[in-house]
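Read the structure below first, then the notes.
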Amino acid sequence: MQYIPNILFVIALVLGIGYFTKNVRKLIRNIRLGKDVDRSDNKSERFKHMARIALGQSKMVKRPIAGFLHVIVYVGFIIINIEVLEIIIDGIFGTHRIFAFLGGFYDFLIGSFEILALLVLVSVIVFWARRNILNIARFKSLKGWPKNDGNIILYFEVVLMGLFLTMNAADLQLQELGADHYIKAGAYPVSQFITPIFDGMSQGTVFMIERAAWWLHILGILIFLNYLYFSKHLHILLAFPNTYYANLKPQGQFDNLEAVTNEVKLMMDPSADPFAAAPEGEEEAEPEKFGASDVADLNWVQLLNAYTCTECGRCTSECPANQTGKKLSPRKIMMDTRDRMEEVGKNIDKNGSFVDDGKQLLNDYITAEELWACTSCNACVEACPVSINPLSIIMDMRRYLVMEQSAAPSDLNNMMSNVENNGAPWPFNQMDRLNWSKE
Amino acid sequence: MAEYMAEGKQPEVLFWVGCAGSFDDRAKKITKAFVKLLHNANVDFAVLGTEESCTGDPAKRAGNEFLFQMQAVTNIEVMNAYEVKKVVTACPHCFNTIKNEYPSLGGDYQVMHHTQFLKSLLEEGRLKVEGGKFKGKRITFHDPCYLGRANNVYEAPRDLLRKLEAELVEMKNCKKKGLCCGAGGAQMFKEPEPGNKDVNIERTEQALETKPDIIAAGCPFCNTMMTDGVKNKEKEDSIEVLDVAELIANAKDL
């Protein structure tokens, strides 16, 4: 009978981690719906990029208030996870504060966890106020699920930190009461102020409170872990691969479509036979689709970007089109991409493979009006704290509009026919190019 | 360029004039100012003249990769035939395209923006920059997206402006956070989508906040957008929009 808690703990752990793993596999499958793009180069530079931007939060602090608070929550999250390791070991083996043998260092650890927990609590409350009370456009514009999602995460963190401190406070009381198992260990700079609440309670009651807080804390963490997949909060994991696989080339360098290069080469080659049949034994290759109208036309890094986006809205607040009232919002581009990817994923779950649902990313999620409002200025790319590139998706979708559908705005069609015929975007004669030198 | 080739010589640099620099009345003045500076510094340069064609930037940004690559391949064939090594241009769009997007199509050149090139002439002592009539004037520099964020060139134009002994003032959005003028991504050639303001007006307002005498630009398209913005605010009598090359050439009374 005495092993029941251990068994329950292991079951909870296996279920929690098992369900999370299942969803991670789904996530990886969905990301792999994207086209291949080679990001296996420059490993050391990629590591540095990741270390600086994800680990070092270098872009977060560009906005000092949000950045500073985020660093606290981030450091708190990582450090307090050392405590979770102890909880897991204790839970499996029925021990209590297994790391207590570390002595003075243990006191230091627990003491710093408590201070961090308090700082996280304060930061999270400020975050909540920023989202719900202060008039911050990038949060105010969120409605429905994205707004609730942001708040749910904050409530989770408040509850988890609260449980952590309650657990420690009750533990301290039990230590002072000399309860069995509760050896004197740890320093409690914060929870010592909660402990007086337990004065006058029986040892049994305090024990129940301590156990309840302990269990709810670890179960809360497992639930939170599984919440990630359904939430914008995936960035706490995906920020690392996302920055690692980010584009390291100059932001102004857009990729040259290889399929087009092949076509152009063929056109330029005087000996090429446009009517040539496919070589013996090879199937006639289906012509590649130019640009993107749905998620499967994007590459896997763009899809990883969509899962990584935490909807902070810095991109949209820097976007010149958005600032001047146009419909384009780079954050919406990323959110739409993820929503459509999830929809396609569920379609695959249901049918085994994707069955046409009569919908696509273009028009059903992102309209041409949004796409044409972009100035390709890269402000969104620069603003993103985790190296997401909304511009690349916009460009790929413009390519589809122009090269597959010939659906450019008429002004642009004029510009392009001028380039084609006169070698300039305006209707001037190429032979007049040097006239400036004679004026 | 053809003449150099015929004589079996190579110029020091090819000046890529660009469509705006060749055809746009305002941008032609920038072209001429830059050429005066090149002559002044005794730079042996050539232009492609009628053999130059659009780099394909607006086509690519509009989504027409096909047209872009046709333009690119044509230009690359011309430049490779003339064995071009080094290119300078006063247009950040041409600069970005030739520098970043031509290499994988077979066009590898050392490409410089004219502000970078002028700065190198200054450092080599071939060009002298003095304040002249701009001494003590308040100048704010508008970062072109395709020079700044796209290619991380922020200091070359500013270093040149400082040499004018002018008071360089920054807008609230500058360098990495610079706000677009509204022309990029082929927007120059179309009407903007419905909204509550034009991007160039927003940017001009930011520039006016610095109370400048001169708004300095490094891109013919930004120049047009900012000039229109200043006119819209009816400030064209008190505020000039000038390219960095024009400022230096004017200071030297060229």
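The values are calculated or read from the model by the stated rules, or taken from the named source; none is laboratory data. Fair warning: this is a prediction, and the values are worked out from it, not measured in the lab. Note that each Cβ is placed from the backbone with ideal geometry, even for glycine, and that neighbours are counted across all protein chains shown.
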- Can you run down the residue pairs with Cβ atoms below 9 Å, 6 or more apart or on separate chains, where the first is in the range A:359-371 and within 14 Å of chain B (Cβ to nearest Cβ) and the partner is in a helix (DSSP H, G or I) and among the hydroxyl-bearing types (S, T, Y)? A:L362/A:Y400; A:I366/A:T337
- Message: at pLDDT below 85 and either within 30 Å of A:M50 (Cα to Cα) or hydroxyl-bearing (S, T, Y) (or both): which single residue out of A:S231, A:S271 fits that description?
- Response: A:S271
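Against the condition assigned to a helix (DSSP H, G or I), in contact with a Pro (Cβ under 8 Å, 6 or more places away or on another chain), surrounded by 15 or more Cβ atoms within 10 Å (Cβ to Cβ) and within 10 Å of another protein chain (Cβ to nearest Cβ), how does A:N418 come out, does it pass?
Yes; evaluated as a whole, the condition is true for this residue.
Yes/no matrix, rows are residues, columns are (1) aromatic (F, W, Y); (2) under 22 Å from A:G252 (Cα atoms); (3) not assigned by TED's automatic domain parsing to the domain that holds A:D339:
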site	(1), (2), (3)
A:T375	no, yes, no
A:E382	no, yes, no
A:Y400	yes, yes, no
A:W426	yes, no, no
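The rows are residues; the columns are (1) facing chain B (nearest Cβ under 8 Å); (2) touching a His at 6+ places or on another chain (Cβ under 8 Å); (3) surrounded by fewer than 23 Cβ atoms within 10 Å (Cβ to Cβ).
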residue	(1), (2), (3)
A:A373	yes, no, no
A:N378	yes, no, no
A:R398	yes, no, no
A:E404	no, no, yes
A:M431	yes, no, yes
- Message: If B:C91 satisfies all but one of (1) at the interface with chain A (Cβ under 9 Å from one of its Cβ atoms); (2) under 18 Å from the mean Cα position of the chain (by Cα), what's the number of the condition it fails?
- Response: (1)
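So, B:R203, is that one over 24 Å from B:Q69 (Cα atoms), of a type in the set (K, R), touching a residue at least 12 places away in the same chain (Cβ under 8 Å) and touching a His at 6+ places or on another chain (Cβ under 8 Å) or not?
Answer is yes for this residue.
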- Would you pick out the residues in the range B:95-110 that are over 17 Å from B:R149 (Cβ atoms) and either within 10 Å of the chain's Cα centre (by Cα) or in contact (Cβ under 8 Å) with a residue 24 or more places away in the chain (or both)? B:I98, B:Y102, B:L105, B:G106, B:G107, B:Y109, B:Q110
- Note on the structure: The residue that is farthest from B:E7 (Cα to Cα), considering only those in the range B:31-82 that are in contact with a strand residue (DSSP E or B) (Cβ under 9 Å, 6 or more places away or on another chain) and small (G, A, S), is B:A33
- Query: Of all residues in the range A:189-235, which are among the hydroxyl-bearing types (S, T, Y), surrounded by 14 or more Cβ atoms within 10 Å (Cβ to Cβ) and farther than 13 Å from A:M167 by Cα?
  - Reply: A:Y227, A:Y229, A:S231
- Filter the range B:21-64 for residues that are touching a Lys or Arg at 6+ places or on another chain (Cβ under 9 Å), more than 29 Å from A:E404 (Cα to Cα), surrounded by 21 or more Cβ atoms within 10 Å (Cβ to Cβ) and touching a residue at least 60 places away in the same chain (Cβ under 8 Å) and give the result. B:G21, B:L37
- Of all the strands (runs of 3 or more DSSP E) wholly in the range B:12-125, which have at least 1 residues that are among the basic types (K, R)? B:86-89
- Message: Just to be sure I understand, how many residues within the range A:215-249 are touching a residue at least 12 places away in the same chain (Cβ under 8 Å) and under 24 Å from A:N378 (Cβ atoms)?
- Response: 13
- Note on the structure: Considering the range A:14-68, residues that are assigned to a helix (DSSP H, G or I) and small (G, A, S), and then whichever is surrounded by the most Cβ atoms within 10 Å (Cβ to Cβ), we arrive at A:A54
- Which condition does B:G148 not pass, out of (1) among the small types (G, A, S); (2) assigned by TED's automatic domain parsing to the domain that holds B:D44; (3) surrounded by 24 or more Cβ atoms within 10 Å (Cβ to Cβ), if it passes all the others? (2)
- Task: Determine, yes or no, whether A:D356 is more than 8 Å from every other protein chain (Cβ to nearest Cβ) and not in a helix (DSSP H, G or I).
- Result: yes
